[in-house]
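Student: Got a structure for you, written out below as structure tokens; questions coming shortly.
The values are calculated or read from the model by the stated rules, or taken from the named source; none is laboratory data. Quick caveat, the model's predicted, so the values are computed rather than measured. Note: ideal-geometry Cβ built from the backbone for every residue, glycine included; neighbour counts use all protein chains shown.
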Amino acid sequence: MRRSLKAALAASLLAAIASAPAQAQQKPDEVLALRKGVFQVIKSSFGPMAGFADGKVQLDAARIAVLGARLSAVAPMAGEVFPAGSEKVEGSKAKPEIWSKPDDFKAKMTAFQTAAAKLADAAKAGNLDGVKAAVPDVGKACKACHDDFKEK
């Protein structure tokens, strides 16, 4: 439970930082650090669930519920960590198409958020078969965005 509380506090802190109106005025290294942090939380939340769905990781329903809730809470932040003016942040793997094709980027972010919410709902309900069924949709949403908007 202690770990869950820490994760919830970290997600809340990230949410507060990501939604701050002065985000576009952040220093480039702060933008990059936030971006990497958000995606690390996504990776550390989704990765174990993907492993569970593949039968490679053992997780109980309570842990899956925590991971699903964290993923769903952080998913909306994924699109918010690419503010205008951060197109050329040094060290970023973001492609310029994020800013030149904002409608496509937003659509892919929405698809990811929708898939993450569906996965979180199944996890919260303790529906392990539903979790296994929802994992591929989250993976496809991640891949679609990475294919178009992330440098390899």
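Student: All but one of (1) polar (S, T, N, Q); (2) part of a helix (DSSP H, G or I); (3) crowded, with 18+ Cβ neighbours inside 10 Å hold for Ser92; state the number of the condition that does not hold.
Tutor: The number of the failed condition is (2).
Student: Sticking with this structure for a sec: Which of (1) modelled with pLDDT under 95; (2) closer than 18 Å to Pro76 by Cα; (3) crowded, with 18+ Cβ neighbours inside 10 Å does Pro21 not meet, given it meets every other one?
Tutor: Checking Pro21 against (1) modelled with pLDDT under 95; (2) closer than 18 Å to Pro76 by Cα; (3) crowded, with 18+ Cβ neighbours inside 10 Å, the one that fails is (3).
Student: Out of the residues in segment 106-118 that are of a type in the set (A, V, I, L, M, F, W, C) and under 17 Å from Arg35 (Cα atoms), state the one that is surrounded by the most Cβ atoms within 10 Å (Cβ to Cβ). Break it down into steps so the answer makes sense when it comes.
Tutor: In the first step, residues of segment 106-118 are kept if they are of a type in the set (A, V, I, L, M, F, W, C); the result is 107, 109, 111-112, 115-117.
Restricting the remaining residues to those that are under 17 Å from Arg35 (Cα atoms) gives 109, 112.
Details: Met109: 21, Phe112: 23.
Here the answer is Phe112.
Student: Which is modelled with pLDDT of 95 or more, among the acidic types (Asp, Glu) and surrounded by fewer than 15 Cβ atoms within 10 Å (Cβ to Cβ), of Asp103, Asp121? Quick ask: steps written out before the conclusion?
Tutor: On the way: Asp121 fails: surrounded by fewer than 15 Cβ atoms within 10 Å (Cβ to Cβ).
Exactly one residue qualifies, and that residue is Asp103.
Student: Note down all Cβ pairs under 7 Å where the first residue falls in segment 126-152 and is hydrophobic (A, V, I, L, M, F, W, C), the second is exposed (fewer than 15 other Cβ atoms within 10 Å of the Cβ) and part of a helix (DSSP H, G or I), and they're at least six residues apart or on different chains.
Tutor: From residues that are hydrophobic (A, V, I, L, M, F, W, C), the pairs are Leu128/Ala61; Phe149/Glu97.
Student: Of all residues in segment 40-55, which are buried (at least 17 other Cβ atoms within 10 Å of the Cβ), over 14 Å from Ala115 (Cα atoms) and free of Cβ contacts under 8 Å to residues at least 60 places away in the same chain?
Tutor: Within segment 40-55, Val41, Pro48 meet the criteria.
Student: Looking only at segment 45-55, count how many residues are more than 17 Å from Cys145 (Cβ to Cβ) and assigned to a helix (DSSP H, G or I). Write out each step before concluding.
Tutor: Here is the first cut: in segment 45-55, the ones more than 17 Å from Cys145 (Cβ to Cβ) are 48-49, 51-55.
Filter once more, so that each one left must be assigned to a helix (DSSP H, G or I): 48-49, 51-53.
The number of residues fulfilling the criteria is 5.
Student: Among (1) farther than 20 Å from Lys95 by Cα; (2) at pLDDT 95 or above, which single condition is Ala75 missing?
Tutor: Tallying (1) farther than 20 Å from Lys95 by Cα; (2) at pLDDT 95 or above, Ala75 fails exactly one: (1).
Student: So how many residues does segment 99-144 have that are aromatic (Phe, Trp, Tyr) and either assigned to a loop (DSSP other than H, G, I, E, B) or within 16 Å of the chain's Cα centre (by Cα) (or both)? I'd like the intermediate steps shown before the answer.
Tutor: In the first step, residues of segment 99-144 are kept if they are aromatic (Phe, Trp, Tyr); the result is 99, 105, 112.
Right, trim to either assigned to a loop (DSSP other than H, G, I, E, B) or within 16 Å of the chain's Cα centre (by Cα) (or both) and you get 105, 112.
Total meeting the criteria: 2.
Student: Of everything in segment 56-82, what is outside any helix (DSSP H, G or I) and either of a type in the set (Ser, Thr, Tyr) or surrounded by 13 or more Cβ atoms within 10 Å (Cβ to Cβ) (or both)? Give them in sequence order. Talk me through it step by step, then tell me what you get.
Tutor: Going through segment 56-82, the residues outside any helix (DSSP H, G or I) turn out to be 56-60, 80-82.
Result: Val57, Leu59, Glu80, Val81, Phe82.
Student: Also, I was wondering about something else. What are the residues in segment 28-84 that are closer than 23 Å to Pro102 by Cα and of a type in the set (Val, Ile, Thr), if any?
Tutor: Listed by number, the residues that qualify are Val31, Val38, Ile42, Val74, Val81.
Student: Can I ask one more? Quick test of your reading of the structure: Gly85 fulfils all but one of (1) surrounded by fewer than 17 Cβ atoms within 10 Å (Cβ to Cβ); (2) in a helix (DSSP H, G or I); (3) not β-branched (Val, Ile, Thr). Name the failing condition by number.
Tutor: Condition (2) is where Gly85 drops out.
Student: Looking at Asp147, Asp137, which one is at pLDDT 95 or above, over 21 Å from Gly37 (Cβ atoms) and loosely packed, with under 15 Cβ neighbours inside 10 Å? Walk me through it before giving the result.
Tutor: Details: Asp137 fails: loosely packed, with under 15 Cβ neighbours inside 10 Å.
Just one listed residue meets the conditions, Asp147.
Student: Only one of these is without any contact (Cβ under 8 Å) to a residue 24 or more places away in the chain, within 25 Å of Asp148 (Cβ to Cβ) and polar (S, T, N, Q): Ser100, Ser72, Ser92. Name it. Can you show your working first?
Tutor: On the way: Ser72 fails: without any contact (Cβ under 8 Å) to a residue 24 or more places away in the chain; Ser92 fails: without any contact (Cβ under 8 Å) to a residue 24 or more places away in the chain.
It is Ser100.
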